[in-house]
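Reviewing the structure listed below.
What follows is calculated from the coordinates using simple rules that are stated; it is not laboratory data. What you are looking at is a predicted structure, and each value in this text was computed from that prediction instead of being measured. Glycine gets a Cβ as well: all are built from the backbone with ideal geometry, and neighbour counts include every protein chain shown.
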Amino acid sequence: MNSIFVNSKNVFLDTVNPKDYVQLDRVSTIYQSLKDSIKKPLKMILLYGKPGTGKSMFLTKLSLDLADTQNVFLYDTPILDESEFYKTLAQDVFETKYAGELNFTQFMKIVKDKNLNQVPVILLDEAQLYSEELMEKIRLLSDTRTLKFVIALHKTEKEDLIAKEHFQTRIWETIELENSLPTELKIYIQKKLMKANCFDTASMFNSKAVNKIYKLTHGNYRDTNKLLYGLFEIYSTYEKNNQLYSIKTNQISTKLIEMAAIHTGLIDA
Amino acid sequence: MLNTRELEKRWLKYKIKTYIPHAIIFVSIIVIMTIISIFATSNTEKTPVIATKTEKHEKRKIVAIQSLQKEQNVSTQKEIVTAPVQTNIQQNTQVQTTTLTEDTKLTLSPSMNFMRRIQNEEQQPYYKVTSSVKKSTKKRKKVVQQATVEEEYMDIEQKSQVKKKTTNKAPITIVKKEPTSKPYKKQIITIERRDSQNDIKEIITRFKKNNNPALSLFVAKKYYELGNYEQAYNYALITNAINNDIEDSWLIFAKSLVKLNKRDMAIKTLKEYIKYSHSGNAKILLNDIQSGKFK
Ligand SMILES: Nc1ncnc2c1ncn2[C@@H]1O[C@H](COP(=O)(O)OP(=O)(O)OP(=O)(O)O)[C@@H](O)[C@H]1O
Ligand SMILES: [Mg+2]
C-alpha cells in the first residue's frame, strides 16, 4: 500500500501534463477568450507571464482541446535553426519532406501553394529564445493568413515587449498570465490533490496554511509545486521513521511549511 | 533520504534568527518604558521633597534664633523626613536637595514675609516644571501606543493636503481621506505626490520660458499618472500644437480622452493620427480602446 503522503508528493512534481490541468476561474476566462481569438482572422496571439505562471500548461491544454476540431501543432521547445524550423513545419503542417536546406522563400512558396481548407494553429512555447530574425519571419508568415501562431514567452516588461518592433503592428492579441491569488491558490492545491484521490491531505489545507504558502511563493505555481513537493517529502519521511506522532496531521503544520521552504531554498537559512 | 533532524535544526536556527529583531524591539521597549516610569516616579517624588524643604527653611530660621543643641535635633528630624524619599529616588534627588538648601542659604534674611514670598516663588516654578515634565513623559508613553501614532500620521497627512491645495491651482483629487489601517504607507504616498506636484510646477515655469514641447509632454504624462486627465489632455494638446509629430503626446491625448469619457473622440483622433503616421503603438492603443481593454 502506498502512503498518502508519497502520493500527495507526486502530485506536485513539476510536470506539464494536460490531464493535471486545474480549472481556475480567472484562467478559464482567459482560456475562453484565447479560444475565441484563435477563430478570428489574421491574429497573432502573444501569451506572456512570469516563469511558472502556467504558460506551458495553458498551451498544452489548448493544443489538446483544439485537436478535436482543428489542426494544431505544439512546439514546446523552440527550434532555433531557421532552416530546421521551416523543415519541421513543412513536414508537420504541409506533409512535405525536405532533404536539404529550406529557406524562407522556399517555405513561403510551399505555404502559398498548399491550399489547406482550414488554417492550422501553431503553438510556440518558450518563444523568448527565438531570434529577432526568425520572429520577423514568423510575423510575415502569419500575415499570409494561412498559418496562425500562438506565441508564449516570459514576461519582461510589457512596455518592453510593445516597444520591440516585431510586436508592434501584428500582434493584436496579448494575454497575460499571472500568479494566483490566495483564494485561487487554495483551490489549486486542493483540486490538484483531489484529482489524485488524496482527499485526506487536501482537507489538511486550511486558510492559515495556504496564506503561509502564499507568503512564501507569492502564488507562483511552480514555486508552490516545489514547496509542496518538499512539504510532503518531509511528511513522508516522518511517516517512514514512525515519527508522525510528533507532528500535527489534522492540518498542515506551519513549522513543516517553513522546513520545506528551507529545504527547497525558498527561505534561505 | 531527507534528514529531518538536520532540517529541524536549521529550522530552529531560522526561527531564532527571525525572532532576534522582535526580541530586540521588545527588550528596547521594556527598557524605554522602565526609564520613562523611573522619570515619572522621580517627578512625583519631587513634591514631597519641596515640602520637606519648606519645613527645613522654617526650621532654619528657628535655628538662627535658637541654640546649637537644638540645631542638632532638627538635623535628625530632617533626616527622618527625607529618609523615605531617598530610598525611592536614590542619589539623583539627593544631589538636588543639597544644592537647593545651598541656594536657600543665600536668600536667608530676617524678614518672615520676604521668606514666604521667596518660598512661594520657588514653589510655583517647581510645580510648573514637574507638571510639564509629567506631560512630556505621558506623551512619550502615548507615542509607544499604536492608536495615537495613527492619529499623528493622519495629522501629517491632512497638513500635507492643505499645503497641496494652497500651492496648486489645478484641481487634484488624489488622496481622499479615509480611515485606514496603514497610515504609515499613506504618508509616504502623499510625500511622493507632493514632490511630483512640485516637479510639475517647476517644469511648467520652465516650459513657459522656452516653450519646449518635451517639457509640456512631460507635464502631460505626469498629470496623467496623477489621474488629472483634464490637465493631461490640456498639456498633450499644447504639445501637439507646438509639434504634432510626437507619438507619445498623441497617445496621452487619446488616453486622457478615454478617461474623460470621450471614447469616440479618442478613437477618431487615433485613426487620424494613424492615417499619416502608421504608428504601431497608436494602432495597439486603438485596438485596446476598441476592444474595451483600455478603459
Ligand atoms: N492550471 C493549472 N493546473 C494545474 N497545474 C498548473 C496550472 N498552471 C500551472 N500549473 C503547474 O505549474 C507549473 C508551472 O507551470 P508552467 O510550466 O506552465 O509555467 P510557465 O509559465 O510555462 O513557466 P516558464 O515561463 O518557466 O516556461 C507546472 O508544473 C504545472 O504543473
Ligand atoms: Mg514554460
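What pairs in A:Lys9/A:Lys186; B:Lys271/B:Lys295; A:Lys40/A:Lys148; A:Lys137/B:Lys271; A:Lys55/B:Lys283; A:Lys87/A:Lys112 have C-alpha atoms more than 21 Å from each other?
Values: A:Lys9/A:Lys186 16 Å; B:Lys271/B:Lys295 17 Å; A:Lys40/A:Lys148 10 Å; A:Lys137/B:Lys271 28 Å; A:Lys55/B:Lys283 26 Å; A:Lys87/A:Lys112 15 Å.
Among A:Lys9/A:Lys186; B:Lys271/B:Lys295; A:Lys40/A:Lys148; A:Lys137/B:Lys271; A:Lys55/B:Lys283; A:Lys87/A:Lys112, the Cα-Cα distance tops 21 Å for A:Lys137/B:Lys271; A:Lys55/B:Lys283.
If you line up the Cα atoms of segment B:197-291 on their principal axes, what length do they span on each, largest first, in Å?
38, 25, 17
Quick one: grab Rg to one decimal and Dmax as a whole number for segment A:25-177, Cα atoms only, in Å.
14.9, 48
Find the relative contact order for segment A:25-177 and round it to a whole percent, using C-alpha pairs within less than 8 Å whose residues are 6+ positions apart.
Values: 222 pairs, mean separation 59.9, N = 153.
Relative contact order for segment A:25-177 comes out at 39 percent.
B:Arg10 to B:Leu237: extension gain in nm, 0.36 nm per residue of separation minus the Cα-Cα distance?
Numbers: separation 227, 0.36 × 227 = 81.72 nm, distance 6.20 nm.
The span from B:Arg10 to B:Leu237 would gain 75.5 nm if fully extended.
Using modelled backbone amide H atoms (1.01 Å from N, in-plane), which distant-in-sequence or interchain residues come within less than 5 Å of A:Gly49's amide H?
Distant-sequence amide H within range of A:Gly49: A:Leu153, A:Lys155, A:Leu177.
At a temperature of 25 °C and a viscosity of 0.890 mPa s, determine how fast segment A:208-269 diffuses translationally according to Stokes-Einstein, using the Kirkwood radius over alpha-carbon pairs as Rh; express D in µm²/s, rounded to the nearest whole number. Please list the in-between numbers first.
On the way: Rh = 11.7 Å.
D, rounded to a whole number, is 210 µm²/s.
Under the definition of Cα pairs under 8 Å and six or more residues apart, what whole-number percent is the relative contact order of chain A?
Details: 375 pairs, mean separation 75.0, N = 269.
Contact order relative to length: 28 percent.
How large are Rg and Dmax for chain A when calculated on the C-alpha trace, in angstrom?
Using the Cα atoms of chain A, the pair Rg, Dmax is 22.0, 71 Å.
Take peptide B:4-12, look around each residue's Cβ out to 10 angstrom, count Cβ atoms belonging to other protein chains, and average those counts.
Across B:4-12, the average partner-chain Cβ count within 10 Å equals 6.
Which of A:Thr144, A:Phe104, A:Leu47 sits closest to the plus end of the dipole of chain A, meaning its Cα is farthest towards the positive end, when Lys and Arg get +1 and Asp and Glu get -1 on the C-beta?
A:Leu47
What FRET efficiency would be calculated for the residue pair B:Lys271, A:Phe73, taking the C-beta separation as r and a Förster radius of 25 Å, to the nearest 0.05?
Working: r = 36 Å, r/R0 = 1.46.
The value I calculate is 0.10.
Grab the beta carbon distance between B:Val31 and B:Asp199, set R0 = 56 Å, and tell me the FRET efficiency rounded to 0.05.
Values: r = 43 Å, r/R0 = 0.77.
Calculated value: 0.85.
Once the piece of chain linking A:Thr254 and A:Asp25 is laid out straight, how much longer is it, given 0.36 nm per residue of separation minus the C-alpha distance between them?
Values: separation 229, 0.36 × 229 = 82.44 nm, distance 2.76 nm.
Between A:Thr254 and A:Asp25, full extension yields an extra 79.7 nm.
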